[in-house]
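Participant: Input: one structure, supplied below.
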Amino acid sequence: MLAAAKVGWMLDAMDFMLYAVAVGQLKAYFEFDDATAGFLGTATLVMSGVGGLVFGYIADRFGRTRALMGTIVIFSLASLGAATSQSVLQLLFWRAVLGIGMGGEWASGAVLVSETWPAHLRNKAISIMQSGWAIGYIGAALLAAWLLGDPDLGLEGWRWLFAAGVVPAVFVLWIRRNIRESPKWTARAKPGRTEAQNPFKVIFGPALLGRTLRIIALGGAVQFAYWGLFFWLPQFLARPIEQGGAGMGIVGSLNWIIPTQIGAYFGYLTFGFIADRLGRRRTFILFMIGAAAIVPIYGQMARSPMVLLFLSPLLGYFGHGYFSMFGGFVAELFPTAVRATGQGTSYNVGRMAGAIAPYTIGAAATLPGIGIGLALGITSAFFLAAAVLVFTLPDRSGQALE
């Protein structure tokens, strides 16, 4: 189950990040500006919130494994559909559909892992699952370096890149053959059990409303910081210095993405282990402060290869690892009957709130005297806000799920 959730999240990351690494070529092909590029990213993230909401409900009603398979099929086929786009509107449509699958995958996979692994190992298991994102991001960067840098493909390289995103659909066959349903969900789905009330009425009811809204606020702050920074990072690295970028070019920028994501992989992987030593809240705050401190330095000094060599892994480590908290942290705050709905809705509505980040950073970068490097520094404020908001929620690390 852990392998299925991790690989699913890895493939989800690859398909989502194909747009971020190809946005420079897409801008040239369709002739749109940074604001439009950011809007396309925002639309995908907004729809990922819808996907988390819908598939959270599906996972509670029909099972975590079925929901996981459905989301992978959706984002894989949507990537193939995006490869056929003949206009910005068609590209927007397919990226929106991909967002539905993306949001639903996390909601399904994280709950599956949280309900399967014992409480004392939950932090570590979620860290292992979450680390799949970094591998998927590296996969997207390698594919882009190969296909976007091929002179024979020219400006059509992005089509082949998106077409490669259909491959994850094959993984569904392995899940169907090898992965059983969550035992906690199966126990509630036995014949004779009374049907649970509408899960949305529960998570937005008097008992859980405040908790749900606080998770949304925490998720919104984190997701604004993350997507505002890492959606634009490939473009920042590729853009000429005179335009506020690091001047690395398309292929050069993708080469620097890899050490960033290697740092991210270890950030994801070690978060749970550190949290078991220091406590989950303290570890989360450590990562928030680290990310907030590094971003403005990176944005102003990344034109030096030596600075990139030193800071890229650190930016990846502190800028990603904190996500390993959310899978177990949020799962522990909802009862089994509504867990996937609560987790998918609260976290992904937070993602919808943070989805304005790609557009906001892109628009800020167009202002006189700002530039993309300085605009990235806006995200530091949201990292620090998340460090405060985490205190508004209870920490039930190591406790059995309800």
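The values are calculated or read from the model by the stated rules, or taken from the named source; none is laboratory data. Since the structure is predicted, the reported quantities are computational estimates derived from the model, not experimental observations. With ideal geometry, Cβ positions are generated from the backbone for all residues, glycine too; neighbour counts draw on all protein chains shown.
Participant: Cβ-Cβ below 8 Å, separation at least six or inter-chain, first residue in the range 105-126 and farther than 20 Å from Arg282 by Cβ and in contact (Cβ under 8 Å) with a residue 12 or more places away in the chain, second of a type in the set (Gly, Ala, Ser) and in a loop (DSSP other than H, G, I, E, B): which pairs?
Facilitator: Listed pairs, sorted by first residue: Val111/Ser182; Leu112/Ser182; Glu115/Ser182; Thr116/Ser182.
Participant: Does Thr186 satisfy the criteria of being surrounded by fewer than 24 Cβ atoms within 10 Å (Cβ to Cβ), of a type in the set (Ser, Thr, Tyr), in a helix (DSSP H, G or I) and at pLDDT below 90?
Facilitator: Values: surrounded by fewer than 24 Cβ atoms within 10 Å (Cβ to Cβ): yes; of a type in the set (Ser, Thr, Tyr): yes; in a helix (DSSP H, G or I): yes; at pLDDT below 90: yes.
When the stated conditions are applied, Thr186 passes them.
Participant: For the range 91-124, which residues satisfy the criterion of being modelled with pLDDT of 90 or more and under 16 Å from Pro183 (Cβ atoms)?
Facilitator: Selection gives nothing.
Participant: Same structure, new question: With the condition being among the hydroxyl-bearing types (Ser, Thr, Tyr) and closer than 26 Å to Gln343 by Cβ, I'd like the helices (runs of 4 or more DSSP H) fully within the range 84-178 carrying at least 1 qualifying residues.
Facilitator: Once the helices (runs of 4 or more DSSP H) in the range 84-178 are filtered for at least 1 residues that are among the hydroxyl-bearing types (Ser, Thr, Tyr) and closer than 26 Å to Gln343 by Cβ, what remains is 88-116, 122-130, 132-147.
Participant: Going by the structure shown, is Thr84 surrounded by fewer than 19 Cβ atoms within 10 Å (Cβ to Cβ), more than 14 Å from Phe16 (Cα to Cα) and either in contact with a Lys or Arg (Cβ under 8 Å, 6 or more places away or on another chain) or at pLDDT below 90 (or both)?
Facilitator: When the stated conditions are applied, Thr84 passes them.
Participant: Among the residues of the range 383-394, is there at least one that is surrounded by 24 or more Cβ atoms within 10 Å (Cβ to Cβ), assigned to a helix (DSSP H, G or I) and in contact with a helix residue (DSSP H, G or I) (Cβ under 6 Å, 6 or more places away or on another chain)?
Facilitator: Of the range 383-394, the ones surrounded by 24 or more Cβ atoms within 10 Å (Cβ to Cβ) are 383, 386.
Pick out the ones that are also assigned to a helix (DSSP H, G or I) and you get 383, 386.
Pick out the ones that are also in contact with a helix residue (DSSP H, G or I) (Cβ under 6 Å, 6 or more places away or on another chain) and you get 383, 386.
Scanning the range 383-394 turns up at least one residue that is surrounded by 24 or more Cβ atoms within 10 Å (Cβ to Cβ), assigned to a helix (DSSP H, G or I) and in contact with a helix residue (DSSP H, G or I) (Cβ under 6 Å, 6 or more places away or on another chain).
Participant: Oh, and also: Restricting the search to the range 268-305, which residues are surrounded by fewer than 17 Cβ atoms within 10 Å (Cβ to Cβ), in a helix (DSSP H, G or I) and either without any contact (Cβ under 8 Å) to a residue 24 or more places away in the chain or aliphatic (A, V, I, L, M) (or both)? Please lay out each step first, then the result.
Facilitator: Looking only at the range 268-305, we keep the residues that are surrounded by fewer than 17 Cβ atoms within 10 Å (Cβ to Cβ), and these are 273, 277-279, 282, 289, 293, 296-297, 300-301, 303-305.
Filter once more, keeping what is in a helix (DSSP H, G or I): 273, 277-278, 282, 289, 293, 296-297, 300-301, 305.
Listed by number, the residues that qualify are Arg277, Leu278, Arg282, Ile289, Ala293, Ile297, Met301, Pro305.
Participant: If you scan the range 255-293, which residues turn out to be in contact with a Phe, Trp or Tyr (Cβ under 6 Å, 6 or more places away or on another chain) and farther than 18 Å from Lys124 by Cα?
Facilitator: Matches in the range 255-293: Gln261, Met288, Gly290, Ala291, Ala292.
Participant: List pairs: first in the range 202-227 and modelled with pLDDT of 90 or more and surrounded by 24 or more Cβ atoms within 10 Å (Cβ to Cβ), second outside any helix (DSSP H, G or I) and of a type in the set (D, E, K, R), Cβ under 7 Å, 6+ apart or cross-chain?
Facilitator: From residues that are modelled with pLDDT of 90 or more and surrounded by 24 or more Cβ atoms within 10 Å (Cβ to Cβ), there are no pairs.
Participant: In the set Met10, Met47, Met14, which member is in contact with a helix residue (DSSP H, G or I) (Cβ under 6 Å, 6 or more places away or on another chain), among the aliphatic types (A, V, I, L, M), surrounded by 21 or more Cβ atoms within 10 Å (Cβ to Cβ) and over 27 Å from Phe334 (Cβ atoms)?
Facilitator: Going through Met10, Met47, Met14 in turn, just one is in contact with a helix residue (DSSP H, G or I) (Cβ under 6 Å, 6 or more places away or on another chain), among the aliphatic types (A, V, I, L, M), surrounded by 21 or more Cβ atoms within 10 Å (Cβ to Cβ) and over 27 Å from Phe334 (Cβ atoms): Met14.
Residues checked against (1) crowded, with 24+ Cβ neighbours inside 10 Å; (2) among the acidic types (Asp, Glu); (3) farther than 23 Å from Ala164 by Cα:
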| site | (1), (2), (3) |
| --- | --- |
| Tyr57 | no, no, yes |
| Asp60 | yes, yes, yes |
| Arg64 | yes, no, yes |
| Phe75 | yes, no, no |
| Ser79 | yes, no, no |
| Phe93 | no, no, no |
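Participant: Just need a number here: residues in the range 347-377 that are under 19 Å from the mean Cα position of the chain (by Cα) and part of a loop (DSSP other than H, G, I, E, B).
Facilitator: 1
Participant: Another question, if that's okay. Look through Leu153, Leu147 and report the one residue that is surrounded by fewer than 20 Cβ atoms within 10 Å (Cβ to Cβ) and of a type outside the set (Phe, Trp, Tyr).
Facilitator: Leu153
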